[in-house]
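This report refers to the structure that appears directly beneath it.
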Amino acid sequence: MFIALDGIDGAGKSTQIALLTRWLTDQGEQVISLRDPGSTATGEAIRQILLDSQLQMHRRCEALLYMAARSQLVEERIRPALAEGKTVVSDRFLLANVVYQSVGKAVDADLLWRLGEIATARLQPDLTLLLDLPAGEAVKRQRNPPDRVESRGQAYMEQVRQAFLLQLPAASPQTAVIDASQSVASMHTAIVQQVQRVRHAHLQQPPDPG
Ligand code: ADP
Ligand code: MG
């Protein structure tokens, strides 16, 4: 089973992935936790380029670099893990790429979904969890100094938040919005409920022949 967590910076993805990974492990599952972009040598190198605040980059260039990193992640890590029956938990996936590069109509969202199909060869998460937080709350949780994306400000972050809510239904067959203004523990409970719901349905299905 493949689970992706997404949402704006500060929404609590890293915090919740650590808790979810522990919970799944306690359930007896073999869990691999990844981040997109990253989690392969090629992907981490691309990630460094993307986070470099000194670099000028058109949104389309940025979009394709994210797509490239994800191609490698899918083939090198995600597909092999799923084939071995492992549970994959990813910090971001294609949804974030569509959202960040389409905000302000920089790149057409539908085009990004189609590019994403090519990049992932149509591998989708079984469940996408959107950790939804108002931008004002997220800013209060931010670390310093802000990276290239964070430095665009709170109004931009709120636009991104709304784009996440708009695009979420296209991210995977199963999606859920988690209220990220709750406590860490309440968010974890809500996430576990969603995972149990989808995992139950997933276990009823025959294994994917690939
Ligand atoms: P993300 O990975 O989405 O950027 P993090 O998990 O790193 O978010 O959380 C960002 C900051 O907010 C961290 O300092 C973290 O301790 C804090 N935080 C995470 N979840 C909550 C929460 N539910 N309530 C308050 N603070 C939180
Ligand atoms: Mg994080």
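The values are calculated or read from the model by the stated rules, or taken from the named source; none is laboratory data. The structure displayed is predicted, hence computed values, not measured ones. Here the Cβ is made from the backbone with ideal geometry for all residues, glycine too, and neighbour counts use every protein chain on show.
Results, tabulated for the structure shown:
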quantity	calculated
Residue satisfying all of: in the stretch 20-34; assigned to a helix (DSSP H, G or I) and not β-branched (Val, Ile, Thr); nearest to LEU166 (Cα to Cα) among these	LEU20
Unique match (being touching a residue at least 24 places away in the same chain (Cβ under 8 Å), within 14 Å of ligand 1 (Cβ to nearest atom) and assigned to a loop (DSSP other than H, G, I, E, B)) among ILE8, ILE17	ILE8
ILE8 within 13 Å of ligand 2 (Cβ to nearest atom), among the hydrophobic types (A, V, I, L, M, F, W, C) and crowded, with 19+ Cβ neighbours inside 10 Å	yes
Filter result (out of contact with any Gly (no Cβ under 6 Å at 6 or more places or on another chain), more than 25 Å from ARG199 (Cβ to Cβ) and aliphatic (A, V, I, L, M)) within the stretch 61-83	ALA63, LEU64, LEU65, MET67, ALA68
Meets criteria (within 27 Å of GLN27 (Cβ to Cβ), away from ligand 1 (no atom under 16 Å from the Cβ), surrounded by fewer than 22 Cβ atoms within 10 Å (Cβ to Cβ) and among the aliphatic types (A, V, I, L, M)) for LEU82	yes
Filtered residues of the stretch 143-161 (kept if modelled with pLDDT under 90 and not hydrophobic (A, V, I, L, M, F, W, C))	ARG143, ASN144, PRO145, PRO146, ASP147, ARG148, GLU150, SER151, ARG152, GLY153, GLN154
Residues within the stretch 20-46 that are within 21 Å of VAL198 (Cα to Cα) and more than 15 Å from ligand 1 (Cβ to nearest atom), tallied	10
